[in-house]
Structure formats: C-alpha cells, structure tokens
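The values are calculated or read from the model by the stated rules, or taken from the named source; none is laboratory data. None of the values given here were measured: they were computed from a predicted structure. For neighbour counting, all protein chains shown are included, and Cβ atoms are generated from backbone atoms with ideal geometry for every residue, glycine included.
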Ligand SMILES: [Zn+2]
C-alpha cells in the first residue's frame, strides 16, 4: 500500500504518518529527513542545496525518491510525507511510483495557528511544549524536566508568517487533492491522535 500524507504544517501529518507506518509495517519517508540524511551519489549537491535553503531541481528530488523507494523495506509499500507539494510534483511522481491512497489531514485554521504559534521547546533536552494545550510547561517559559529556559522558532512566533505559510499550502499544495480525486481519504485532524490513526487505518483498509 503506497500512501501519501497531505496536510498543512501543524496538521500532525508527520506524527500520524509515523504511527501508521508502524501499524502497516511500511517505511515512513519524510521528504525533509530523506534529503537531510541522504548519503548517496548526489550527497554533495544535496548538502549544498540544503545549506542554501533550496529544494533543488525536481529531477534530482525524484531520483532520490526513486532510489529510496527501490530499497527492500519499501517493497511492501511506503508512506510519503512532504512530497508532492504541488501539481507538477504529483504528475512527475506518478511516472516513478504508483500512489494508492492520499491521506488528507483536515484541521481548522485557528487550531493550526495555535499548534504552530504555541510551540516552544527546551534547547537542552528537546522536550516540546505547547502553551495553548495540555502540554504547556508547569512554569511559564521553563522546562519541567531541567529548568532550562524554553525557546521558540522565529517563524512560529509571528502569526503573519504562519498565515503566509498556510496560504502557500492552500494555493500550491491543496490543488493536488483535486488531481488525486478518488484516491483521497479525508481525515479529521481535530481529534485525539489515536482516534485519527484508527480512522486512517479503517479507511485505508476499506479501500
Ligand atoms: Zn529540558
């Protein structure tokens, strides 16, 4: 079963993708991680592009995906997360892999904004917090575990930057849902993650 997970930042698609990959025993392939950890023949090129903050030419990205999908653990299927992000990428992906289902994680915009804007983490132990939800720190701005001062990513701190990121998602990525039409499974991302994962599994298995 070859699955693609689609959703805006803050939709939880990465978390769900990992959980589903364990249940289905197929690899969770995050495009960001794949490029970051890439160690093949295009390594130097990829590292230079990552350093420059660029995605790189589509042909190269596709070649790396193709390489990864040819590994033995992906024979039974895969979960692709973070690719394709636009129509052109979706069309090109179709030439190298069969997509069975596209999981569309839908989350209300105000919730997405809170999930991103409320994110803080401990620079020492890495514990993530969200000041708007149950996982807020006991003492504001301080890590529960080691008393370290929490930090926030600059692009999470600014609501306008978050909204601009979401806008790019709506205009660039959402059109791929129309492209995949009947393969799309819509999942409510505004529920407990275990419930969301159960929904995904049920709907994927039903075909
Ligand atoms: Zn800590």
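The residue pairs whose first member lies in the range 145-158 and is under 12 Å from residue 128 (Cβ atoms) and in contact (Cβ under 8 Å) with a residue 24 or more places away in the chain, whose second member is part of a loop (DSSP other than H, G, I, E, B) and within 16 Å of the ligand (Cβ to nearest atom), and whose beta carbons are closer than 7 Å, counting only pairs six or more residues apart or on different chains, are 150/122; 150/137; 150/141; 150/143; 151/123.
Checked against the criteria, residue 7 counts as in contact (Cβ under 8 Å) with a residue 60 or more places away in the chain and either within 30 Å of residue 190 (Cβ to Cβ) or surrounded by fewer than 16 Cβ atoms within 10 Å (Cβ to Cβ) (or both). The residues in the range 10-23 that are in contact (Cβ under 8 Å) with a residue 40 or more places away in the chain, over 13 Å from residue 115 (Cβ atoms) and either in contact with a strand residue (DSSP E or B) (Cβ under 8 Å, 6 or more places away or on another chain) or outside any helix (DSSP H, G or I) (or both) can be counted, and the count is 4. Under the condition of being closer than 21 Å to residue 9 by Cα and surrounded by fewer than 18 Cβ atoms within 10 Å (Cβ to Cβ), the residues counted in the range 44-85 number 6. Listed by position, the helices (runs of 4 or more DSSP H) contained in the range 24-112 that have at least 1 residues being at pLDDT 95 or above are 58-69, 87-96.
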